[in-house]
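Everything on this sheet refers to the single structure shown next.
None of the figures in this text is laboratory data; all of them are computed from the coordinates on show. Just so it is clear, the model here is predicted, and its values are computed rather than measured. Cβ placement follows ideal geometry from the backbone for every residue including glycine, while neighbour counts extend to all protein chains displayed.
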Amino acid sequence: MKKIIAFAGSNSSTSINHALVSHVANKIIHHNIKVIKLTDFPLPIFGEDLEKEKGYPETLSKLLNEIRSQDALIISVNEHNAGISAFFKNVLDWLSRIELKFMEGKKVLLLSTSPGKRGALSALQYTESIVPRYSGELVASFAFPSFSANFSVEDNKVINADLASGLDNVIETFLASLE
């Protein structure tokens, strides 16, 4: 049984990416999976002067320890203006300062969703490109388009059969990599 941590790159209290990553986490039954919210680890906006003056925030060490204690990560990234959110970028900046290879030895499943037809594809592609920089092993990724039209938050269910099948396939690929 592997330990998996799952989170969204969003700081929104109504995050559709958190809803998606939670849905995926609920589908994984033979592993120890923990869903967290990055907002539970508040970090100031990164700056070299702040880092020199005050060092690393205590919440950063807590988040890094959460990640270190896992075998795998499931991350759902949101998109702002064709990139990852400033919130998520800030988290990555802090983590990479305390330990550049903070994903070392971790299998990674990346997800993204948005209200639009591309499903935050630009943010997903950016994140796919940086996971190796942090020494994570990208196993699979999936962009989930038009969230509101294809997912029922009330039922915690994908309502588009093709998307449900595609999502199940990437989850199976991810889980197979953990064996």
For this session: Compute the relative contact order of the chain as a whole-number percentage, counting only Cα pairs closer than 8 Å that sit 6 or more residues apart in sequence.
Result: 21 percent
Exercise. Over segment 3-177, with a single point scatterer placed on each C-alpha, what log10 of the ratio I(q)/I(0) does the Debye formula yield at q = 0.10, 0.16, 0.17, 0.20 1/Å?
Worked result: -0.36, -0.92, -1.04, -1.43
Exercise. What net charge is computed for the residues neighbouring residue 166, neighbours being all others with C-beta under 14 Å from the C-beta of residue 166, Lys and Arg scored +1, Asp and Glu -1?
Worked result: -2
For this session: Note down the nm distance, to one decimal, between modelled labels 7 Å out along Cα→Cβ at residue 35 and at residue 177.
Result: 2.1 nm
Exercise. Over all Cα pairs of segment 83-166, how is the pair count split among 5 Å bins, expressed in % and running from 0 up to the last occupied bin?
Worked result: 3, 14, 20, 21, 16, 13, 9, 3, 0
Seminar exercise, completed: Expected unfolding gain across residue 2-residue 68 under the 0.36 nm per residue rule, minus the alpha-carbon gap, is 22.5 nm
For this session: Per DSSP H run of n ≥ 4, the term is -39500 (n - 2.57); total these for the chain, divide by its residue number, and report the mean residue ellipticity at 222 nm rounded to 500 deg cm²/dmol.
Result: -12500 deg cm²/dmol
For this session: Would you look at the GNM of the chain, springs on alpha carbons closer than 10 Å, and say which of 116, 83, 136 moves the most?
Result: 116
